[in-house]
Every structure is written in C-alpha cells, then in structure tokens.
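A quick write-up on the structure given underneath.
Just so it is clear, none of the values below were taken in a lab; they were calculated from the coordinates. From a predicted model like this one, the values you see are computed outputs, not experimental measurements. Positions of Cβ are backbone-derived with ideal geometry, glycine not excepted, and every protein chain shown enters the neighbour counts.
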Amino acid sequence: MAKRLQNPRLAKIHRSYKIDEAADLYGVHKNTVLNWIKQGLPTCDTKRPVIILGSDLNAFHAKQRVKNKHPCKPNEIYCIKCKTPKTPIAGLVEFQPVNDKIGNLVAICPACETMMYRRISMAKIKQFSTAMGFVLPLAHLHIIDTP
Ligand SMILES: [Zn+2]
C-alpha cells in the first residue's frame, strides 16, 4: 500500500487539534490519525480528549515526506550506513539479474565501504551504466538482449 503524503503546511501551527479535527483537516479516517500517533506523532496526552499541536502535525508530515523520498540519481545507490545516496566507484559495481525485468546492483560505498544494494529495472540499468560512464559486464547483461 502506497503511503499518501500529506501537506506539511496544512495545520495551523498555533492551533491544536482533536483526533477527529485532524482527520477532517487531512481528509482521512480517524484511524489514520491514530496510526500517525503510533508512528511517532506527538500528542498532549495529559489531556482528554487527546490533543495534537498543529506544529507537531506539520513537523510529522515534513519528516514523513523526507522518509518517503527516493533521491537516488541514475548513478547513485543509497547507503544505509551513510543514510544518503552515494556514487559507487566505477568497476566496483556488480549487477545481479533477478529475472528478465529486474536485478540488483551491488556496490561498495566509497565513504564507509558498506555494501550498498539497489533494486533496478532492466530499463534503468542501461541508464545507470551510461551515467556511471562504463558498461556493466556483458555476461551480466546478455539476458536483456535475449528475446
Ligand atoms: Zn556509506
């Protein structure tokens, strides 16, 4: 299920919202708001009913937005240790086909030497190869050209 990203400027920062008010504001079900709370949206839980600050709602959605971003450029692979996309060292990239549509790129992060993995489609693999300025070993790519 794809997560819907909410506008991180929708809530009024000097206002506070009850669960159902927050649900109305974003046009979602109350359960969705309860899920946000489970995922870390802060509440003023000393009060009943539960009150959420507008500024917390905005901050929460801004964070979700960053989390859901896939900022990898064609020649980058996301390094989980550096928490940022990295350009692997040419020649140290391996392509492992999964099936005739997708495969995995495996490379070593130039900054921390952690193994990086990127699931990539056959359509994008040539783009990656071109962006990197080298061609991946033909032995690995013959699967693409096989009808
Ligand atoms: Zn790294």
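Between the amide H of residue 84 and those of 79, distances stay under 5 Å, these residues lying 5 or more places away or on another chain, with hydrogens modeled in the peptide plane. If you take all other residues with their beta carbon under 13 Å from the beta carbon of residue 102, and give Lys and Arg +1 and Asp and Glu -1, the sum is +3. Here the Karplus curve 6.51 cos²θ - 1.76 cosθ + 1.60, taken at θ = phi - 60°, turns the phi angles of the stretch 23-30 into couplings of 4, 4, 4, 8, x, 10, 6, 3 Hz, with x standing for Gly and Pro. Derived scalar couplings between HN and Hα for the stretch 102-111 equal 10, x, 10, 9, 10, 8, 10, 5, x, 8 Hz in order, rounded to whole Hz, by the Karplus curve 6.51 cos²θ - 1.76 cosθ + 1.60 (θ = phi - 60°), x for Gly and Pro.
If you plug the beta carbon distance of residue 106 and residue 9 into 1/(1 + (r/R0)^6) with R0 = 35 Å, you get a FRET efficiency near 0.35.
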